[in-house]
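Beneath this line is the structure, given in C-alpha cells, with notes to follow.
Since every read-out is calculated from the coordinates, none of them should be taken as a lab result. Quick caveat, the model's predicted, so the values are computed rather than measured.
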Amino acid sequence: MDADTKKTALRMIPYGLYILTAENEQGNVAAATVNWVTQAAFDPPLVVSE
C-alpha cells in the first residue's frame, strides 16, 4: 500500500464499535471487539485499540 493511501485510510477511522481481525500465515483468524482505535506508527504501520 502506498503511503498516501495508508494515510487516507487511517484518517478515515470513525468513532464507534469495531471488530478487529487479523490472519496469520497459516490462515488462522482472530477477532476482537474494540471501542477505540488510533494510529500508533507509520513505519511499520501500526494501530492501537482498546
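List of remarks:
- Taking each residue as 0.36 nm, the span from GLN39 to THR8 lengthens on full extension beyond its C-alpha to C-alpha distance by 10.0 nm.
- From phi via Karplus (6.51, -1.76, 1.60), per-residue ³J(HN,Hα) for the stretch 18-28 in Hz, x at Gly/Pro: 10, 10, 9, 10, 8, 10, 8, 5, 8, x, 6
- Here the stretch 3-49 is described by how far its Cα atoms reach on the three principal axes: 29, 24, 15 Å, from widest to narrowest.
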